[in-house]
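First up is the structure itself, then whatever we jot down about it.
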Amino acid sequence: MISPEKIIEHYKRDKLLFETIKNLDIQILPEPNVDIYHSLVASIVSQQLSTKVVKVIWGRFTGLFADGYPDPESLLSIEHQVLRGVGLSNSKASYVKNVAEFSLNNDMSFEFLQQKGDEEIIEYLSQIKGVGRWTVQMILMFPMDRPNIFPVDDLGIQNAMKKIYGLELEKKELKVKMIEIASVWQPYRSLASKYLWKYLGT
């Protein structure tokens, strides 16, 4: 496994990126999280919410389960309105149940998914209603720790690259240019993306 320091050296081929991130510090995952089902449920619950709100709603949600773990069978047995009552939106309440149902009928184990390529995993998990490309990319980048994911549709990544590279393009033209710039970062686009989020946060 290549070290983060070596990857950052790789980014020297993009002077603007390197100068932007060289003094930033981000947390590196010590090892992948193998519970993809749990990570996907947590991702859906937390989407478009502040960290503070997520903590409250996640606590209420997991409090519905005897051991705090939203296992698929138990999750499917909970009434929709009960999920709404702990703070899930109407759509999120449906989507987490979709994930639970999928996990009972399909293999979501880390070992199974790890044998697949990035695009194969995106195609596989995107079968779940409510789980889109961006959501699966977050699973690939964080719990699975795949090295070469570039979430071009992410608004934070778009805004960061607009600032760093002085881009004034929009929509499709912006994404084409972003992909072109990020091609230099391969095969380590994931860490570069994480640094872009960190940069935007500063």
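Annotation note: of Ser109, Ser126, the sole residue that is surrounded by fewer than 17 Cβ atoms within 10 Å (Cβ to Cβ) and out of contact with any Gly (no Cβ under 9 Å at 6 or more places or on another chain) is Ser109.
Counting only helices (runs of 4 or more DSSP H) that fall entirely inside region 89-202 and contain at least 1 residues that are under 17 Å from the mean Cα position of the chain (by Cα), the qualifying elements are 90-105, 110-114, 118-125, 133-141, 155-165, 189-201.
Every residue, every condition in (1) touching a His at 6+ places or on another chain (Cβ under 8 Å); (2) within 17 Å of Val136 (Cβ to Cβ); (3) assigned by TED's automatic domain parsing to the domain that holds Ala93; (4) of a type in the set (Lys, Arg), yes or no:
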| site | (1), (2), (3), (4) |
| --- | --- |
| Asp14 | no, no, no, no |
| Leu17 | no, no, no, no |
| Val45 | no, yes, yes, no |
| Thr62 | no, no, yes, no |
| Ala66 | no, no, yes, no |
| Ser74 | no, no, yes, no |
| Ser77 | no, no, yes, no |
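Considering region 8-40, the residues that are in a helix (DSSP H, G or I) and free of Cβ contacts under 8 Å to residues at least 12 places away in the same chain include one that is surrounded by the most Cβ atoms within 10 Å (Cβ to Cβ), namely Phe18.
Note on region 62-88: residues that are within 20 Å of the chain's Cα centre (by Cα) and among the hydrophobic types (A, V, I, L, M, F, W, C) amount to 1.
Restricting to region 56-70, and then to whatever is without any contact (Cβ under 8 Å) to a residue 12 or more places away in the chain and surrounded by 12 or more Cβ atoms within 10 Å (Cβ to Cβ), can you tell me which residue is farthest from Ser109 (Cα to Cα)? Restricting to residues being without any contact (Cβ under 8 Å) to a residue 12 or more places away in the chain and surrounded by 12 or more Cβ atoms within 10 Å (Cβ to Cβ), the top hit is Gly59.
Looking across region 181-202, just one residue is surrounded by fewer than 16 Cβ atoms within 10 Å (Cβ to Cβ), under 16 Å from Lys15 (Cβ atoms) and without any contact (Cβ under 8 Å) to a residue 60 or more places away in the chain, and that is Ser183.
Given the conditions (1) assigned to a helix (DSSP H, G or I); (2) among the aliphatic types (A, V, I, L, M); (3) surrounded by fewer than 16 Cβ atoms within 10 Å (Cβ to Cβ); (4) in contact (Cβ under 8 Å) with a residue 40 or more places away in the chain, report the number of the one that Val53 does not fulfil. Condition not satisfied by Val53: (4).
The values are calculated or read from the model by the stated rules, or taken from the named source; none is laboratory data. From a predicted model like this one, the values you see are computed outputs, not experimental measurements. Positions of Cβ are backbone-derived with ideal geometry, glycine not excepted, and every protein chain shown enters the neighbour counts.
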